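All of the numbers you see were taken from the coordinates with simple rules; none came from a lab. Small disclaimer: the values here were computed from a predicted structure and weren't measured. Every residue, glycine among them, receives a Cβ derived from its backbone with ideal geometry; neighbour counts consider all protein chains shown.
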Amino acid sequence: MEIYCPTCNKLTDHEIIRIRGKKVKEGIAKCKVCGTVHDFRLEDTKPKEVEVKTIISDVEKSWTENIKLERDRVLRVGEDFWVKEKNLRLKVTAIDCKDGQRRRAAKAEDIDTLWTIRYDRIRVKFSVHRGPITSSHFVWMVPEEYIEVGDVYKFGDLYGVVTKIKTEDGVIDRGRIQAKDAVRVYCRALKRRVGRALEETGETY
């Protein structure tokens, strides 16, 4: 290790006798040029932040950004975070490290490419049943927004009341969940709107 030698008055190669500390390293070393044994103190001069190449996907398009992150920050697949300077909320889907391995978690300084999806809004799948006819729709929602059985949604000129919600763990027909946990939302079509309310007619169409 190169350390400043007070006798040689310059940086020289040293043999480390004792060392401790992480960000600030202190210890005793012996100069390999003149043989002087002396105390030393080294401060970590690495920048606090690193730029991480980040692939961002948003439905049918994707682009690359270099995002600044604290180099010691650990990112994990499945977690989400805000990028304040770009006003983006992202969710991590994959992590490629500089050693060529794909991992579930890694420090920012060890990441080669971070794969993400835009997560300030998500597209939730809805199926609306009109008798024998089923149509598929998408609704943009905030991930923490609640979907409750009995809620009514508008799909163009069509209205539907939520009857059940499919999740990764099964199907619920009562209660509510957050949009991020919904795999698909099932609705029964409503015929017409009355004032601000919706009236079910029982008709098949």
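Here the dipole of the range 49-118 is about 200 debye; that uses its Cα centre as origin and unit charges on the Cβ of Lys and Arg (positive) and Asp and Glu (negative). Phi angles across the range 149-165 convert, under the Karplus curve 6.51 cos²θ - 1.76 cosθ + 1.60 with θ = phi - 60°, into 3J(HN,Hα) values of 4, x, 5, 10, 10, 10, 10, x, 8, 9, 10, x, 9, 5, 10, 7, 10 Hz, Gly and Pro given as x.
Bridge orientation summary for the chain: considering DSSP beta bridges with both residues in this region, about 90 percent are antiparallel. Longer than 21 Å from Cα to Cα, which of LYS22/LYS68; LYS22/LYS48; LYS98/LYS180 are they? Say none if no pair is. Checking Cα-Cα distances, LYS22/LYS68; LYS98/LYS180 exceed 21 Å.
Counting 0.36 nm for each residue step from ARG176 to LYS191 and taking away their Cα separation leaves a gain of 3.0 nm. For the chain, a Gaussian network of Cα nodes joined below 10 Å ranks LYS25, LYS164, LYS154 by mean-square fluctuation, and the top entry is LYS25. Karplus-based coupling profile of the range 12-29, in residue order and whole Hz: 9, 6, 10, 9, 7, 8, 8, 8, 8, x, 10, 5, 10, 9, 10, x, 10, 9, with θ = phi - 60° in 6.51 cos²θ - 1.76 cosθ + 1.60 and x standing for Gly or Pro. Work out which GluC sites (Glu not before Pro) in the chain are exposed loop sites (DSSP not H, G, I, E or B, at most 10 other Cβ within 10 Å) and give the longest gap free of them. Longest site-free region, per DSSP loop and neighbour criteria: 61-143. Each of (1) 22.0; (2) 17.6; (3) 19.3 is a candidate for Kirkwood radius over Cα pairs in Å; the one calculated from this structure is (1). Shape verdict for the range 2-43, please, from the Cα gyration tensor: rounded (a/c under 1.5), prolate (a/b greater than b/c) or oblate. Taking the square roots of the gyration eigenvalues as a ≥ b ≥ c, the range 2-43 is prolate.
Once the chain from ASP58 to VAL33 is taken as fully extended at 0.36 nm per residue, the excess over their C-alpha distance is 3.1 nm. Rounded if a/c is under 1.5, else prolate if a/b beats b/c, else oblate: with a ≥ b ≥ c from the C-alpha gyration tensor eigenvalues square-rooted, which is the range 122-199? Cα axes put the range 122-199 in the prolate bin. The H on the amide N of THR36, modeled in the peptide plane, is under 5 Å from the matching H of CYS31, each at least 5 residues off or on a different chain. The string of couplings for the range 121-132 from the Karplus curve (6.51, -1.76, 1.60, θ = phi - 60°) is 8, 10, 9, 9, 7, 10, 10, 10, 9, 10, x, x Hz, one whole number per residue in order, with x for Gly and Pro. About the centre of its Cα atoms, the chain shows a dipole size close to 160 debye [charges on the beta carbon of Lys, Arg (+1) and Asp, Glu (-1) only; nearest 20 debye]. The Cα atoms of the range 29-78 give a gyration tensor whose axes a ≥ b ≥ c have a/c of 1.5 or more with a/b greater than b/c, which makes the shape prolate.
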